[in-house]
1. For region 175-192, state whether one or more residues are assigned to a helix (DSSP H, G or I) and under 27 Å from residue 64 (Cα atoms).
2. When you go through 90, 44 one by one, which is the residue that is modelled with pLDDT of 90 or more, assigned to a loop (DSSP other than H, G, I, E, B), buried (at least 17 other Cβ atoms within 10 Å of the Cβ) and not assigned by TED's automatic domain parsing to the domain that holds residue 191?
3. Of 242, 232, which residue is assigned to a loop (DSSP other than H, G, I, E, B), over 18 Å from residue 63 (Cβ atoms) and not assigned by TED's automatic domain parsing to the domain that holds residue 50?
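The values are calculated or read from the model by the stated rules, or taken from the named source; none is laboratory data. This one's a predicted model, so the numbers in the text were calculated from it and none came from an experiment. Because the Cβ atoms are built from the backbone with ideal geometry, glycine has one as well, and the counts that use them run over all protein chains shown.
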C-alpha cells in the first residue's frame, strides 16, 4: 500500500525540549524604506526572497497583531495591493512586516544539519512513544524511538534540523478532516509562538494532543482557547497558559491511501 504525503501550511505552538538550541538568523532583515511606495516594493522583494506567498505573509502579520493585542487583520489582497508600490501612506499594520521577516529568519536560518551533500538519503527523527491523541490524547508513556524520513523532505522542503523535529502518529477524530487517525505527523519543536498560524502539539493534562490554539485577548491571568477541527462533536475549551505545555507546531503530515 502506497503512502500519500502532504506538505501542510502550519498552524500553531507546542512544548519545549531540554537542551534544545535556539536557531537565530545570522543577519538582520534589510532596512525597510521610509517611503510607503518603496516599502511596498521592498516587502514583495523580501517576501519572495524567503519563499513566502502573500497569503503566508498575511497569516504572519495577523498572528503578530493578535499576539500584541491588536484587533487589526489584513487579507491577502490587501498585502498584494500594498506590494504594488502605489501606496502614499503606510497603513498601521505594516509595522508587523519586518517583524514577520525577522521571525521567519530565526526559524529557517541555515545550519550544519542542512548540508545536502551527505551520501545517506535518510535521517532519523525522534518518535513519540505513543499516539498523539486528537481526542483523549496519547499517554506519552515509554521511551522515545526513532523513525527514518527522507533527507530531501526534511532538509530541502521543510528546511529543519532533524533533532528539532518530533514524529508521532495521530489517533481519534477530533481534528477530522484536517488530521485523521493513523496520520503520521511531524512537529517542529522550535516553533512555539502563538503568533504563527497552524496546528500545534501540546501536553494537556495527561496526554499529547493536536489542536488549534487561540490566545484569549485581555484575559487575566492569560488564557488560551483549545480548538478541535471537528466542532460538531468537540467543543472548544479553555486553559490557563501556564497549564498548557507547547511542544511545537505541526509542519507536515503523511496519510496512507486506504
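1. no
2. Matching residue, one of 90, 44: 90.
3. The conditions single out 232.
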